[in-house]
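This report refers to the structure that appears directly beneath it.
The values are calculated or read from the model by the stated rules, or taken from the named source; none is laboratory data. On a predicted model such as this, the values are computed, not experimentally measured, just so you know. Glycine also receives a Cβ, built like all others from the backbone with ideal geometry; neighbour counts cover every protein chain displayed.
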Amino acid sequence: MSIESLILIVVIVVLAFMCLLIFLTRYKKCPSDRIMVIYGKVGQNTDGTNRTSKCIHGGAAFVWPVIQAYQYLDLTPLSIQVDLKNALSRQNIRIDVPSIFTVGISTEQGVMQNAAERLLGLAMSEVQELAKDIIFGQLRLVIATMDIEEINTDRDKFLEAVSRNVESELKKIGLRLINVNVTDISDESGYITALGKEAAAKAINDAKKSVAEKVRDGSIGEANAQRDQRVEVATANSKAITGENTAKIEIAQSDAARREKEAEAMRLATAAEKVQSAKALEEAYAAEKEAELARSAREKATLEADVIVKAEIQKRQIELAAEAEAERLRRQAAGEADAIYAKMEAEARGMQEILKKQAAGFADIVDAAGGSAKDALMLMLADKMENLMKVQVEAIRDLKIDKVTVWDSGEGKDGKSSTANFLSGLMKSIPPMNEIFEMAGMELPEFLGKKIGPKEPPKLEEPKADAAQEAMPKEAGPEEPQENK
């Protein structure tokens, strides 16, 4: 390797290391309590104009050397003591409103850009004085639109109006209002003090009247005297307070006449300030309108693209879901059909095995009966005979006969009494074994006995007349009933 090649390699390595070092040193991270403002050549706005700066709150960014630079804006809150004196209210009465305002640089996107344009490079004391001037003007403006009663009693309404006006003006220079605390409100004419005394006197009078009424309930006579005394005292106090208030009102009216010229001058100055503020707002609103129109066009195009893409995706999802559902139903139907077929096939195989076993058993019985199917059937019936007899007995076992009354007149036919014939007929009501076999279409086996046919009645000789007369029974009395249970 030649010396020239080695020198070239060393130069390339050194340049690469320097580029890496420059990149690492120019990559700046922004802490959470600051705003990093990058200025220089930072790009263009949507309308084609050059951007003045780029603000970053949190994160990091690469600052190009030579063409870009950066500074930080501190987000530490500022506490501003505002001792407003001789502020003119709507009633032309001057009041003192000492208050403390807490403000800080805003991190809102548009307001943060205003802070970069108007506060970058200023010290915290300079920012504090600038915010203090704005707060003084807006606080005087709010007090001029309200009565002393509203400011003193409805403190929430007063603070809301102050916060709304002050915040709208602070945003123009990149600040935001964090907190407002009004310590005390007073006036040079003593009007607020008079209002307090009037309320206190009214409360005292009400309390005295209530005490007098309670004492009156305890003792009627003494209560009447004390009530008159309390009423007269309250009336005198009320007249005295009314006189004091009347004098104070006259003093306030004389002061109002003196301050009338001052109020007129203040009104002219305030009107001039409002005209200039309105012109500035008009120009700002025009610029904001153009920016909003451009942003709405861009958002409209973005929304249309999002809707079309989402519609296509949703359409494809519906098609895939329908195909998956159809495949699932087909597989479910095929599975159910296979399950039914398997169940029916198993039941058929079980029934076939049962019939095969029964046929094998019948064949064994026929073989045991010497190959005669009739004898085999007789053997099966003989095996079930005990159960058949048990069924016959069960037929009348639960028959309950609490009492049977038989009127027996003596001997009946064939020398049996009526009671014996009744019991014999009751037992014959059970089907005999021979009749059971005949109902089944079979004959009783010979080893159980043969059926005996009906016997012919024996021929009787005619008795002689005398013997017949002798054989006639004697006249008997009425039959006596016999009761068998």
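Before we move on, is Thr25 assigned to a loop (DSSP other than H, G, I, E, B), surrounded by 10 or more Cβ atoms within 10 Å (Cβ to Cβ) and either of a type outside the set (A, V, I, L, M, F, W, C) or in contact with a Leu (Cβ under 6 Å, 6 or more places away or on another chain) (or both)?
Values: assigned to a loop (DSSP other than H, G, I, E, B): no; surrounded by 10 or more Cβ atoms within 10 Å (Cβ to Cβ): yes; either of a type outside the set (A, V, I, L, M, F, W, C) or in contact with a Leu (Cβ under 6 Å, 6 or more places away or on another chain) (or both): yes.
For Thr25, the condition - assigned to a loop (DSSP other than H, G, I, E, B), surrounded by 10 or more Cβ atoms within 10 Å (Cβ to Cβ) and either of a type outside the set (A, V, I, L, M, F, W, C) or in contact with a Leu (Cβ under 6 Å, 6 or more places away or on another chain) (or both) - is not met.
Restricting attention to segment 216-228, does a residue exist that is assigned by TED's automatic domain parsing to the domain that holds Ala203, among the small types (Gly, Ala, Ser) and in contact (Cβ under 8 Å) with a residue 60 or more places away in the chain? Working first, answer last.
Just the residues of segment 216-228 that are assigned by TED's automatic domain parsing to the domain that holds Ala203, to begin with: 216-228.
Adding the requirement that they be among the small types (Gly, Ala, Ser) leaves 218-219, 221, 223, 225.
Next, from what is left, pick out any that are in contact (Cβ under 8 Å) with a residue 60 or more places away in the chain: none.
No, that holds for no residue.
Going through (1) over 27 Å from Glu198 (Cα atoms); (2) free of Cβ contacts under 8 Å to residues at least 12 places away in the same chain one by one, Glu250 falls short only on (1). Scanning segment 357-366 finds one or more residues that are in contact with a helix residue (DSSP H, G or I) (Cβ under 7 Å, 6 or more places away or on another chain) and not polar (S, T, N, Q).
Residue pairs whose Cβ atoms lie under 9 Å apart, sitting 6 or more positions apart in sequence or on different chains, and linking a residue in segment 265-277 that is farther than 17 Å from Leu88 by Cβ and surrounded by 10 or more Cβ atoms within 10 Å (Cβ to Cβ) to a partner that is at pLDDT below 85 and among the charged types (D, E, K, R), do not occur here. Of the residues making up segment 241-250, those that are in contact with a helix residue (DSSP H, G or I) (Cβ under 9 Å, 6 or more places away or on another chain) and not β-branched (Val, Ile, Thr) are Glu244, Asn245, Lys248.
Taking the stated definitions as given, is Ile178 assigned by TED's automatic domain parsing to the domain that holds Asn92, surrounded by fewer than 16 Cβ atoms within 10 Å (Cβ to Cβ) and touching a Pro at 6+ places or on another chain (Cβ under 8 Å)? Give the derivation first.
Working: assigned by TED's automatic domain parsing to the domain that holds Asn92: yes; surrounded by fewer than 16 Cβ atoms within 10 Å (Cβ to Cβ): yes; touching a Pro at 6+ places or on another chain (Cβ under 8 Å): yes.
Yes.
Residues checked against (1) of a type outside the set (D, E, K, R); (2) at pLDDT 85 or above; (3) part of a helix (DSSP H, G or I); (4) exposed (fewer than 10 other Cβ atoms within 10 Å of the Cβ):
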{"position": "Val309", "(1), (2), (3), (4)": "yes, no, yes, no"}
{"position": "Met344", "(1), (2), (3), (4)": "yes, yes, yes, no"}
{"position": "Glu353", "(1), (2), (3), (4)": "no, yes, yes, no"}
{"position": "Gln358", "(1), (2), (3), (4)": "yes, no, yes, no"}
{"position": "Asp367", "(1), (2), (3), (4)": "no, no, yes, no"}
{"position": "Gly371", "(1), (2), (3), (4)": "yes, no, no, yes"}
{"position": "Met378", "(1), (2), (3), (4)": "yes, no, yes, no"}
{"position": "Leu381", "(1), (2), (3), (4)": "yes, no, yes, no"}
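Of the residues in segment 217-226, at least one is part of a helix (DSSP H, G or I) and either basic (Lys, Arg) or surrounded by 14 or more Cβ atoms within 10 Å (Cβ to Cβ) (or both). For segment 144-161, the condition of being closer than 30 Å to Leu119 by Cα and polar (S, T, N, Q) holds for none of the residues. Checked against (1) more than 49 Å from the chain's Cα centre (by Cα); (2) under 26 Å from Gly40 (Cα atoms), Ala60 meets all criteria but (1).
Output the number of the condition that Glu299 fails; it satisfies all remaining conditions of (1) touching a residue at least 12 places away in the same chain (Cβ under 8 Å); (2) not assigned by TED's automatic domain parsing to the domain that holds Arg94. Only one criterion in (1) touching a residue at least 12 places away in the same chain (Cβ under 8 Å); (2) not assigned by TED's automatic domain parsing to the domain that holds Arg94 is unmet by Glu299, namely (1).
Give the residues of segment 37-86 that are without any contact (Cβ under 8 Å) to a residue 24 or more places away in the chain, exposed (fewer than 12 other Cβ atoms within 10 Å of the Cβ) and farther than 25 Å from Leu177 by Cα, sorted by residue number.
Narrowing segment 37-86 to residues without any contact (Cβ under 8 Å) to a residue 24 or more places away in the chain: 43-45, 48-51, 54, 66, 79, 81, 83, 85.
Then keep just the ones that are exposed (fewer than 12 other Cβ atoms within 10 Å of the Cβ); that gives 43-45, 48-50, 66, 81, 83, 85.
If the condition is that a residue be without any contact (Cβ under 8 Å) to a residue 24 or more places away in the chain, exposed (fewer than 12 other Cβ atoms within 10 Å of the Cβ) and farther than 25 Å from Leu177 by Cα, then Gly43, Gln44, Asn45, Gly48, Thr49, Asn50, Val66 are the ones that fit.
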